[in-house]
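The values are calculated or read from the model by the stated rules, or taken from the named source; none is laboratory data. These numbers come from a predicted model, not from an experiment. When we count neighbours, we look across all protein chains shown, and the Cβ atoms used for this are built from the backbone with ideal geometry, even at glycine. In case anyone asks, the SASA skips ligands and DNA or RNA and just uses the protein heavy atoms, side chains included. Shrake-Rupley method; radii C 1.70, N 1.55, O 1.52, S 1.80 Å.
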Amino acid sequence: MKPKKVIFSAMQPSGTPQLGNYLGAIKNWVGLQEDYSCRFCVADLHSVTVRQDPESLRQNSLSLFALFLAAGLDHERGIVYFQSHVPAHTQLTWALSCLTYMGELNRMTQFKDKSQKHSDNINAGLYTYPVLMAADILLFRADLVPVGEDQTQHVELCRDVAERFNNLYGDILTVPEPFVSGAAARVMGLSEPSRKMSKSENGSENNVVFLTDPPEIIAAKFKRAVTDSDNQVRFDPENKPGVSNLINIYRAVTGKTVPETEKEFENSGYGAFKTAVAESVIAELSPLQDRYSRLMADAPFLEAAVKRGAERAAEEAAPLLKKVMDAVGFAPR
Ligand code: TYM
């Protein structure tokens, strides 16, 4: 039997995860576990590229780990762990940093966006962040990296760096493919459908649906979602960005197609449509929220799962790191 292909992905624990993180990433990860060997991490090292309050970072990290498990990531079959618990991530980052050009990093749109947003803290980590992300992926020899659209540029850079490494040192790194799912590749804000929904967003309070929002808040946020004046549930991202975003959310949750969705709501106004979208999201998130609350109340279970994840991830990462160190020419210990 051929070994399963490997999937790697990660999420930053900066703030509370939102619906875009779930539909664009976590929900797909859950669905891929049957067919792939999966490694998922809480990317806490990435988070400190933006200033974090230490206690909030600790809490958000544990809470994201619990949310991963609550959403259905299987930490027995796959590996779920904290990035900062596996030093090989930063060790590999150094080797790769010396093969990544500043010209490449200068082109990263996320760096440009974040430098604008955090103009008082344009630090070296924010700049080299894509190299750490490349190390995450390459360390586990991932074949496929399921991400939302905003991360594909980083995965492309990872591929370029891996190919450069292999050209210099031999066929050591697996060159990964990004894997972006259709409907929820880019979930937009509910009040600002021209901008992607983001957990670090501090715009209007109805713009972002957080995964821990109670049902009545989710319903209220969808009710206030920005639409347009023609009252037709029709998919047209250019002219009807708000409605098209709601259709995408509905599709991602229910698995329905655009024509099915348009047909289902052809005689309803926006009010009924928004209620249906909200209800589908609430039905999807409620069981996750119940499991999340139970897990957060079970500290011993979480502690054991965190420890075991770190051990297994470190063990699995060690051989690749050793190969890289040897290939680069560092003296053996
Ligand atoms: P992060 O934490 O910003 O987001 C985690 C995942 O959620 C996706 N996502 C979205 N998808 C659709 N619509 C949205 N509005 C939306 N917002 C976020 C992101 O595309 C991502 O898949 N650098 C990464 C974390 C990371 C990583 C990695 C990912 C670190 N190492 C290695 C893949 C592989 C990040 O900041 O994602």
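Identify, from the list LEU138, LEU69, LEU64, the residue that is open to solvent by less than 30 Å² (accessible area, probe 1.4 Å), within 11 Å of the ligand (Cβ to nearest atom), assigned to a helix (DSSP H, G or I) and closer than 23 Å to LEU211 by Cβ. The conditions single out LEU64. If I ask for residues that are part of a helix (DSSP H, G or I) and open to solvent by 10 Å² or more (accessible area, probe 1.4 Å), which ones from region 1-24 would you list? Result: GLY20, ASN21, TYR22.
Restricting to helices (runs of 4 or more DSSP H) lying wholly in region 248-333: which have 2 or more residues that are assigned by TED's automatic domain parsing to the domain that holds CYS98 and among the β-branched types (Val, Ile, Thr)?
Output list reads 299-328.
Quick check on VAL155: is it away from the ligand (no atom under 13 Å from the Cβ) and either closer than 30 Å to SER97 by Cα or not assigned by TED's automatic domain parsing to the domain that holds ALA95 (or both)? Taking the combined requirement at face value, the residue does not satisfy it.
Considering the conditions (1) in a helix (DSSP H, G or I); (2) open to solvent by less than 10 Å² (accessible area, probe 1.4 Å); (3) within 26 Å of SER198 (Cα to Cα), VAL145 is excluded by exactly one of them, (1). May I ask you to verify whether VAL161 is touching a Gly at 6+ places or on another chain (Cβ under 8 Å), β-branched (Val, Ile, Thr) and touching a residue at least 12 places away in the same chain (Cβ under 8 Å)? No, not satisfied.
Residues of region 33-61 that are assigned to a helix (DSSP H, G or I) and in contact with a Leu (Cβ under 8 Å, 6 or more places away or on another chain): ASP44, LEU45, HIS46, SER47.
Here the condition is being β-branched (Val, Ile, Thr) and either in contact (Cβ under 8 Å) with a residue 40 or more places away in the chain or open to solvent by 60 Å² or more (accessible area, probe 1.4 Å) (or both); of VAL187, VAL258, it holds for VAL187 alone. For region 8-49, a tally of residues being more than 10 Å from the ligand (Cβ to nearest atom), hydrophobic (A, V, I, L, M, F, W, C) and over 22 Å from ASN121 (Cβ atoms) returns 3. With respect to being open to solvent by less than 20 Å² (accessible area, probe 1.4 Å), away from the ligand (no atom under 16 Å from the Cβ) and of a type in the set (Val, Ile, Thr), VAL208 falls outside the description.
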